[in-house]
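Structure first, commentary second.
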Number of protein chains: 2
Amino acid sequence: MTVSFIASLSEILGPRGFTRDADMVDPWLTDWRGRYTGRALGLASPADTGEVAQTLALCAEHGVPVVPQGGNSGMSGGATPDRSGTALLLSLRRMNAVRSLDPQAREITCEAGMILQNLHAAAEKEGLRFPLTLGGKGSATVGGLIATNAGGTQVLRHGTMRAQVLGLEAVLADGSVIDTLTPLKKDNRGFDLKQLLIGSEGTLGVVTAATLRLLPAIGGRVVMWAGMDRITTARRLLLHCQQRAGELLEGFEILPAHSLRAVLDHLPDARAPLAGDHAWHALIELAAGRGEEDALLPLAESLLAEAFEQGLVEDATIAASETQSEAFWLLRESISPAERAIGPAMQHDISVPVARMADFVEHAVGKVEARFPGHEAIAFGHLGDGNVHFHVLAPPGADRARWEAETGEAIASFVHNLVAEWQGSISAEHGIGQAKVAELERLGDPVALAVQRSIKHALDPHGILNPGKLLAPRGATP
Amino acid sequence: MTVSFIASLSEILGPRGFTRDADMVDPWLTDWRGRYTGRALGLASPADTGEVAQTLALCAEHGVPVVPQGGNSGMSGGATPDRSGTALLLSLRRMNAVRSLDPQAREITCEAGMILQNLHAAAEKEGLRFPLTLGGKGSATVGGLIATNAGGTQVLRHGTMRAQVLGLEAVLADGSVIDTLTPLKKDNRGFDLKQLLIGSEGTLGVVTAATLRLLPAIGGRVVMWAGMDRITTARRLLLHCQQRAGELLEGFEILPAHSLRAVLDHLPDARAPLAGDHAWHALIELAAGRGEEDALLPLAESLLAEAFEQGLVEDATIAASETQSEAFWLLRESISPAERAIGPAMQHDISVPVARMADFVEHAVGKVEARFPGHEAIAFGHLGDGNVHFHVLAPPGADRARWEAETGEAIASFVHNLVAEWQGSISAEHGIGQAKVAELERLGDPVALAVQRSIKHALDPHGILNPGKLLAPRGATP
């Protein structure tokens, strides 16, 4: 069976499109954080949607599992095959063309393998921008961003990837092609299959192309840094910014003193934006379109002056140049590697209702540190989205492997239980992948899980699309 | 079987919740346009979600079809049962409570039976607004608006109902309850079931409550009326308005001379906004938040002055008062009844890509009038959404019944074929209901239809939820 499958696949894809050479395949069998490693019976790199369709039809015929992969920069192991070696790794990276770009309609249609950074560049060339960015922009692809409904630092104003997708093209488990690339602003012809595919992590279909919305390029931005006593004060500052700046508020990120210290230790040339010590820090960006950018600085100044008066900030500064703005953002974007350099930590990507996040963090930090003595809990990130990255750091000097094995899982369960009590999500933006299947099974709404399994079975009856990801198989016990 | 079903249902719902009295039931068996009439074995009006769940569980047990109904103001017969009399009519109107309203988070959670007009009022009391409105606001309910992904005149800026729904609660075919009412701005725990239910027309579940987003009340608005030579000029004016007013552009509706004349004949007190004759008219609204409304009038004046210079308008005026603004909007909202008063017409609710709609209308009017001599084709509505209502009027003096029987269907097919050629939608905002099932079957993407049927079968294996609506049954021939 495998022999005839491989011969047929080689014929469909040709030598550039299919390889079993370990030097070519192995680099893609481990996720970028190095947490998961699998095996595959080969790497397929189709050149176009027709080849993807033929590949999936062949896999369906032979019952061969398929693991779709974009930039392999996901956080939950969703693009890494299991260890059985029975799955075909299906890379979309070769399909990276811009099919069309309409500057007037502000729409781009591109293939799934297009890298986010290149999408930014293509938009910029037309005086436009694509309003979603994240740390992995140099490798993350459009298809992966859609499959995981990616977030990032611009969600506050512009929404997640779901809000950017106007249409998409995808190949289903039987090799048939869904094409909704032509964007219609209004279309009520039944269930919105596009919405179903977004965030489905390759378990319902393989995204091959998308039409995305673009926005006018910004005319300018003003980036601020503020220090404050408590995260609940940061929450009040956020409300103040939303009230004063409205639609101009482009970003609002928070970090605790611990994270800033870690970043300053990690980046030799970095400087603290403020002279004094503060328990919490907020990075705030205002952005405006061309012709409106002159209003930003006066707005930022009066916004901060009022914040001082109201006791919302202990100290604050406005970046004096674009270079300094970049430097402020670099501090924020370096938290993950800086914290990683300190030592082992359990990382949780969680959300609760926006209004409750500050209270949740205060509550959860206290609970976690009481339950796990010697550990430190820190939260940073997208306060304006009700989404923080909640890290629990091992005691100094802990042995990573032993600590992860002995305590890590207990910490994750404890944190996720708290999140569930507060009606939040154990995966705000990183997805379920293989990392959180068991936890979703344990804590998810059984009705929602049953419906999801029904849909999965309806669209992929033989379970060949990214098996073991997102959903535990029917009848499996957690 | 029916006897025991009715006894059990009476016990669950009590005398206020279930009736078979024809005086109570019959008014709800005909859609409001009087196009469809059905029969039902009774009218269920549950008081809460628990009663809806028990009702559906009982219906599942007995194989009794269920037709959910809100305000019964849909345009496609989606809430009218068939003539068999085997279905239970399930009204959500009794469930009309506001469960909570959080002014700071700008969120309201209300039950499915809440009437749109009352939702507007509840928001206004808190200095907020709900940014979706339509002609049937006095009867349309939140549940119906969600089930049909309703549109209206504010989609240009604020999106359809889909964009307003932050969370929902629904009862599924087996009586189980999905609850996603707690809104999380970011949540990547698998397929977005909320999105699947929005626009599913009661075929996958019964919406019982929703959490909706609210916006700050507007501080003021400026309403303009412009006359021009061609619809393609109106399209250029729209682009000009978008470029100059950006986010402040709240509405952009068009109507041809024919529709304005019809409205002026129909409304005795109405006056034409402009003195001269124009082939096309545009109704344009700018709106701004509190504190920003003073900028609107100067913006409107310069915007129109530039439009004159560029030859985009033949004449234009700005409403001098809120009363006149209301009068302008009344002209727009009266097109449907005014056109109806003239004589029989086939009405099509269609969309194509926004950028192509003006060209489409010119093309389609010519084609239709050439193919059906003596008929007049007119298009009006939401040019900014790529969605017009395309009416084909019978020749003067035509007998309605005979004309509808002999020519009506041929016209609808002809128009829908044109829409399909232009990659548009045969239902932009009114849904499929029972009115367009056959046309969707004829013109829809077979892959998409197959997937929709798979999902329907997975979630409602016995086909009890709103049978015959939206999708033709599996294996049925169109």
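Of A:Lys125, A:Lys436, the sequence from fewest to most neighbouring Cβ atoms within 10 angstrom is A:Lys125, A:Lys436. Counting Cβ atoms of other protein chains within 10 Å of each residue's Cβ and taking the mean over peptide B:354-362 gives 2. Value of Rg to Rh for segment A:2-91, rounded to two decimals, is 0.95; Kirkwood radius and Rg both from alpha-carbon coordinates. Note: the protein assembly as shown, Cα convex hull, 180 Å³ per residue. Rounded to the nearest whole Hz, the Karplus-based 3J(HN,Hα) values (6.51 cos²θ - 1.76 cosθ + 1.60, θ = phi - 60°) of segment A:426-433 follow the sequence 7, 9, 7, 9, 8, x, 9, x, with x at glycine and proline.
Most tightly packed first, judged by the mean number of other beta-carbon atoms within 10 Å of their residues, the peptides B:162-174, A:263-275 read B:162-174, A:263-275.
Given the alpha-carbon gyration tensor of segment A:32-166, what are the semi-axes of its equivalent ellipsoid in whole angstrom, ordered largest first, with each equal to the square root of 5 times an eigenvalue? Walk me through the intermediate numbers first.
Numbers: eigenvalues 163, 65, 25 Å².
Semi-axes (√(5λ), whole Å): 29, 18, 11.
Computed on the Cα trace of chain A, the radius of gyration divided by the Kirkwood hydrodynamic radius gives Rg/Rh = 0.98. Summed over qualifying helices (DSSP H, 4 residues or more, each -39500 (n - 2.57)) and divided by its residue number, chain B shows a 222 nm mean residue ellipticity of -10500 deg cm²/dmol. To test your reading of the geometry: what angle, between 0 and 90 degrees and rounded to tens, separates the Cα axis of helix B:2-17 from the longest principal axis of chain B? Value to nearest ten degrees: 60. Computed from backbone phi, the HN-Hα couplings of segment A:54-68 come to 5, 4, 5, 4, 5, 4, 4, 4, 9, x, 8, x, 10, 10, x Hz, rounded to whole numbers (Karplus: 6.51 cos²θ - 1.76 cosθ + 1.60, θ = phi - 60°; Gly and Pro given as x). Projecting the Cα atoms of B:Leu89, A:Ala7, B:Thr211 onto the charge dipole of the protein assembly as shown, computed from C-beta unit charges around the Cα centre, puts A:Ala7 farthest toward the positive end. Label-point spacing at A:Asp399 relative to the other copies reads 9.6 nm, in ascending order, each point sitting 7 Å out from Cα along Cα→Cβ.
Under the convention that each Lys and Arg Cβ holds +1 and each Asp and Glu Cβ holds -1, the size of the dipole of segment A:99-216 around its Cα centre is about 440 debye.
In this simple spin-label model, placing a label point 7 Å from the Cα along the Cα-to-Cβ direction at both A:Glu306 and A:Ala47 gives a separation of 5.9 nm.
Shielding of peptide A:457-467 by partners, expressed as the average count of other chain Cβ atoms within 10 Å per residue Cβ, is 2. Sorted shortest first, the separations between the A:Gly138 label point and its copies elsewhere in the assembly read 6.4 nm; each point sits 7 Å from Cα along the Cα-to-Cβ line.
Here the peptides B:422-433, A:314-325 are ranked by packing, the mean other Cβ count within 10 Å, and the order with the highest first is B:422-433, A:314-325. Take the alpha carbon atoms of segment B:1-28, find their center, do the same for segment A:264-279, and report the distance between the two centers in whole angstrom. About 71 Å separates the Cα centre of segment B:1-28 from the one of segment A:264-279.
Taking amide H positions as placed in the peptide plane 1.01 Å from N, state which residues far from A:Thr153 in sequence (5 or more) or on other chains have amide H under 5 Å from it. Long-range HN contacts for A:Thr153: A:Thr133. Relative to the 2.2 N^0.38 Å rule of thumb, segment B:98-216 has a C-alpha radius of gyration ratio of 0.99.
Amide H to amide H distances under 5 Å link B:Arg129 with B:Leu215, B:Ala217, where only residues 5 or more positions off or on other chains count and H is placed in the peptide plane. Reported to the nearest whole Å, the Cα centre-to-centre distance from segment A:373-411 to segment B:154-232 is 37.
Once you have the Cα-Cα distance between A:Asp399 and A:Leu297, take 0.36 nm times their residue separation minus that, and quote the gain in nm to one decimal. All intermediate terms of the calculation are to be shown ahead of the outcome.
Values: separation 102, 0.36 × 102 = 36.72 nm, distance 4.87 nm.
Taking A:Asp399 through A:Leu297 to full extension adds about 31.9 nm, to one decimal.
What is the gain in length, in nm to one decimal, between B:Ala279 and B:Glu326 on full extension, counting 0.36 nm per residue of separation less the C-alpha to C-alpha distance?
On the way: separation 47, 0.36 × 47 = 16.92 nm, distance 2.27 nm.
The span from B:Ala279 to B:Glu326 would gain 14.6 nm if fully extended.
An ellipsoid equivalent to segment A:219-331, defined through the eigenvalues of its Cα gyration tensor, has semi-axes of 22, 18, 11 Å when rounded to whole angstrom and sorted largest first.
Every Cα-Cα pair in segment A:406-478 was counted, and those over 18 Å apart are 42% of them. Evaluating 6.51 cos²θ - 1.76 cosθ + 1.60 at θ = phi - 60° for every residue in segment B:448-464, the Karplus couplings come out as 4, 5, 5, 5, 4, 5, 4, 5, 4, 5, 5, 8, 9, x, 9, x, 8 Hz, glycine and proline recorded as x.
Could you work out how far helix A:322-333 tilts from the main Cα principal axis of chain A, as a 0 to 90 degree angle to the nearest 10? Approximately 70 degrees, to the nearest ten.
Close amide-amide hydrogen proximity is noted between B:Phe18 and B:Ser45, each under 5 Å apart and 5 or more residues distant or on a separate chain (H modeled in the peptide plane; Pro and chain starts excluded). The magnitude of the dipole of chain A, with charges of +1 and -1 set on the Cβ of Lys/Arg and Asp/Glu and taken from the Cα centre, is near 920 debye.
Taking 0.36 nm per residue of sequence separation and subtracting the Cα-Cα distance, how much length would be gained by fully extending the chain between A:Asp26 and A:Ala272, in nm to one decimal?
Values: separation 246, 0.36 × 246 = 88.56 nm, distance 4.10 nm.
Full-extension gain reported as 84.5 nm.
The ellipsoid equivalent to the alpha-carbon distribution of segment A:343-421 has semi-axes of 23, 12, 11 angstrom, derived from the gyration tensor eigenvalues as √(5λ) and listed largest first. Compute the helix-to-body angle for B:231-245: its Cα long axis versus the longest principal axis of chain B, expressed 0 to 90° and rounded to tens. Between the helix axis and the principal axis of chain B, the angle is about 90 degrees. Each principal axis of the Cα cloud of segment A:76-120 was evaluated for its coordinate range; sorted largest first, these ranges are 49, 19, 14 Å. Calculated on C-alpha atoms, the gyration radius of segment B:320-478 divided by its Kirkwood radius gives an Rg/Rh of 1.03. Among the residues of A:384-390, the average count of other protein chain beta-carbon atoms within 10 Å of the residue beta-carbon is 2.
Ordering B:Gly151, B:Ala122, B:Leu239 by the projection of their Cα atoms onto the charge dipole of segment B:102-244, which places +1 on the Cβ of Lys and Arg and -1 on the Cβ of Asp and Glu, puts B:Leu239 at the extreme positive end.
Sorting the segments B:137-145, A:411-419, A:204-212 by their residues' average number of neighbouring beta-carbon atoms within 10 angstrom, most packed first, yields A:204-212, B:137-145, A:411-419. For segment B:354-478, the Cβ-based charge dipole about the Cα centre amounts to some 420 debye (Lys, Arg positive; Asp, Glu negative; other atoms uncharged). Label-point distances for A:Gly50 to the equivalent site in the other copies, using a point 7 angstrom along Cα→C-beta, read 6.1 nm when ranked shortest first.
None of the figures in this text is laboratory data; all of them are computed from the coordinates on show. Please read all numbers here as calculations on a predicted model, not as lab measurements. Heads up, the Cβs are rebuilt from the backbone with ideal geometry, glycines too, and the neighbour counts pull from every protein chain shown.
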